[in-house]
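Here the structure is laid out as structure tokens; the discussion comes afterwards.
The values are calculated or read from the model by the stated rules, or taken from the named source; none is laboratory data. Note that the structure is a prediction, hence the values are computed from the model and not measured. Positions of Cβ are backbone-derived with ideal geometry, glycine not excepted, and every protein chain shown enters the neighbour counts. Accessible surface is based on the protein model in full, side chains and every heavy atom, while ligands, DNA and RNA are left aside. Shrake-Rupley method; radii C 1.70, N 1.55, O 1.52, S 1.80 Å.
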Amino acid sequence: MGQERLSGLALLQIQREVPIDFDKVIDEFVLNGVGVLSQTEQPPETSMDAVPSPDIEPEVIAKPPPPIFIKDVHDFPALCTELIDLIGVDNFHCKSTTDRLKIQTANPESYRKLVHFLREEKAEFHTYQLSEDKSTRVVIRNLHPSTPTDLIKTELETRLFEVRQVTQVLHRLNKNQLPLFFVDLEPTIHSNEIFQLTSILHTKIKVEEPYKIKAISQCANCQAYGHTKAYCGYSPRCVRCGNGHPSSSCQKTRDEPPCCALCQESHPANYKGCSVYKELQYRKKPSSNNNKFIFDNKHPSLKSNLVKDSHPSEHINSVPPTAPPLTYAKVTSNQFSRSNSTPTTQDNSPSAETNLSHLMSSFLNDFKTLINPLISLLTTVISSLLDKSK
């Protein structure tokens, strides 16, 4: 109460411009241990929770491992029992499709154990690469084609890069060596520093990211689309004859017609004109502008994705007529002003009146040709009715 009275007294004296008794203020400060201004200018309180700690880093959420698709599962409860004993009850969950069982593991260790188990059991499955196992791939340009890949790898390793492999790019048609090299690095925190390189082996270079392949990946083992050979556990099928053996051991000659393992037509399984590949391409781009209003009779199942239920309005696709190009003679004779006039403007020139009269006369002639047969027909009908009435 003494502090509040003193503070109120001090403020009142300040407002009335009366001098403050500083001796009394100092005595009150010594007795109570607080100052006069403590009621009005208190420093803000800070809590330890509001101050960020420099030692605590934000938690990074790791990506889950890729799914595993198993084919021909005949006893699901028995498989679940095996998986529980193998990787634990809380480290996987399943989802069934029409022809496969999708298994999602919780961590990379469970993923690797399950893949190893499926390979030992010779199960029919496919999966994808772990994100932590994927290499950082770059393209090095402008190195001479005769440069050995081992020399490039040694040079990069001296610069403290962890190199998996170096591959030279060949021309797609004539297989000639190109001044392009693929470099696969280990996914470390320093791997992206390779983009800062400007020269190696006394050569100015450019380090770029490779172009992303837009084509659908095809397995070289089972010839199916959507995965690769390295993560395929299906039975092999030949790319040429379609039989159940690896493509490298095919005994069929090139003179004999091939057979597709996917559609059974007479072409190799990797032919981009295959009906299976075309259908996958349609499904991959259902909303493209080129295929939005087109219906292919060969793919009736895609009608709902490619065809609209109602036709577009006519004014959307209508294109206004363009005026003929102006020539120098028209510009000098001032004829372009009349040809470009809008329909709402009134033209009183003799040529416009002549055109109007010509249009009216042609309309009347056409109307006469139409109305005369109708008048004669009506006359015949009336006369026949009069004869019957008599």
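Details
- There is at least one residue in the stretch 144-161 that is under 33 Å from the mean Cα position of the chain (by Cα) and closer than 27 Å to Ala230 by Cα.
- So His245, is it in a loop (DSSP other than H, G, I, E, B), touching a residue at least 60 places away in the same chain (Cβ under 8 Å) and more than 30 Å from Leu156 (Cβ to Cβ): no
Yes/no matrix, rows are residues, columns are (1) open to solvent by 30 Å² or more (accessible area, probe 1.4 Å); (2) in a helix (DSSP H, G or I):
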| position | (1), (2) |
| --- | --- |
| Val183 | no, no |
| Thr188 | yes, no |
| Phe195 | yes, yes |
| Ala215 | yes, no |
| Gln223 | no, no |
| Ala230 | yes, yes |
| Arg240 | yes, no |
| Gln251 | yes, no |
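- Checking Ile194, Ile189 one by one, the residue that is touching a strand residue (DSSP E or B) at 6+ places or on another chain (Cβ under 9 Å) and aliphatic (A, V, I, L, M) is Ile194 and no other.
- Residues in the stretch 139-185 that are touching a Ser or Thr at 6+ places or on another chain (Cβ under 8 Å) and farther than 19 Å from Glu208 by Cβ: Glu162 alone.
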